[in-house]
Every structure is written in C-alpha cells, then in structure tokens.
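Undergrad: Please see the structure below; I have some questions.
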Amino acid sequence: MLQLSYDELDDAEKNIFLDIAFFFEGENKDHVMRLLDACGFYATIGIETLQDKALVTISKDNKIHMHQLIQEMGWEIVRQDSRIYKTLKGVAD
C-alpha cells in the first residue's frame, strides 16, 4: 500500500519524498520548503500531495514528520535504484 502511494507520485513529488526521508524528517516545514523551492521543486504542492497520501505529517510546531516505516521505504527505494544503476553501468562498461 505504501509503495503504491509512492508509485503514484510524479517525479518532483518522489524527489521531495526522498529528500524528506533522507535529510528533512523532523525539520521545520518552512525551512524545508525554502530549500526545496531553491532547488526548483514546487514544495508547497509537493508537500501537500505527500500529506494527502499520508506519507508525511506536519506537527503543531510546524515540523515535517514521516513514520519510520515510510522513511525506511524511502531508503530502500534509493538502495534498489542504486543497485540497478550499478548493474546497468557495469553492463555499459
């Protein structure tokens, strides 16, 4: 179910999700949005989408949170993508 929610995201939303999983869990939402916007992401829309899909929550003190299992899913996605990249790179060399 969680993977399905992730798979339905567009590329920018996936990048925002992974950035939060790796770097921004527990950080101030406004700070994170400024950083993501500076990188060319549409942070407001992206974070709202992640909230709608229950992939992140915003606490009363304006911090972005992600359940540990969801965060671990993000880590695993990157791990799998890295293995695929290494495999493809090895074939191309």
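Undergrad: Tell me the per residue accessible area of the chain using a 1.4 Å probe; a whole number in Å² is fine. Before the final figure, lay out each step's value.
TA: On the way: 6090 Å² over 93 residues.
With all protein chains present, the chain gives 66 Å² per residue.
Undergrad: Additional query: How much of the accessible area of the chain, in percent, comes from carbon and sulfur atoms when a 1.4 Å probe is used? Working shown, then result.
TA: Values: 3370 of 6090 Å².
Accessible surface attributable to carbon and sulfur in the chain totals 55 percent.
Undergrad: To continue, here is another question. Under a 1.4 angstrom probe, counting protein chains only, how are 83, 34 ranked by accessible area, largest first?
TA: Ranked list, largest accessible area first: 34, 83.
Undergrad: Return the loop-located chymotrypsin sites (Phe, Trp or Tyr not before Pro) in segment 1-56 (DSSP other than H, G, I, E, B) with at most 16 other Cβ atoms within 10 Å of their own Cβ; answer none if there are none.
TA: Values: sites: 6, 17, 22, 23, 24, 41, 42; in loops: 41, 42.
Passing sites in segment 1-56 are 42.
Undergrad: (i) 127; (ii) 94; (iii) 105: which one is volume of the Cα convex hull per residue in Å³ as calculated from this entry?
TA: (iii)
Undergrad: Roughly speaking, what is the stretch gain from residue 63 to residue 76, that is 0.36 nm per residue apart minus the C-alpha to C-alpha distance, in nm to one decimal?
TA: On the way: separation 13, 0.36 × 13 = 4.68 nm, distance 2.34 nm.
That works out to 2.3 nm of additional length.
Undergrad: Between residue 30 and residue 15, with labels modelled 7 Å along Cα→Cβ, what's the label distance in nm to one decimal, could you check?
TA: 2.5
Undergrad: Ignoring everything except DSSP H segments at least 4 long, calculate the 222 nm mean residue ellipticity for the chain; use -39,500 (n - 2.57) per segment, divide by total residues, nearest 500. Don't skip to the answer; put the middle values down first.
TA: Working: 5 runs with 60 residues, N = 93.
Computed ellipticity for the chain at 222 nm equals -20000 deg cm²/dmol.
The values are calculated or read from the model by the stated rules, or taken from the named source; none is laboratory data. Source: prediction; values computed, not measured. We place every Cβ from the backbone using ideal geometry, glycine too, and count neighbours over all the protein chains shown. Note: accessible area is taken over every heavy atom of the protein model, side chains too, but ligands, DNA and RNA are not part of it. Shrake-Rupley method; radii C 1.70, N 1.55, O 1.52, S 1.80 Å.
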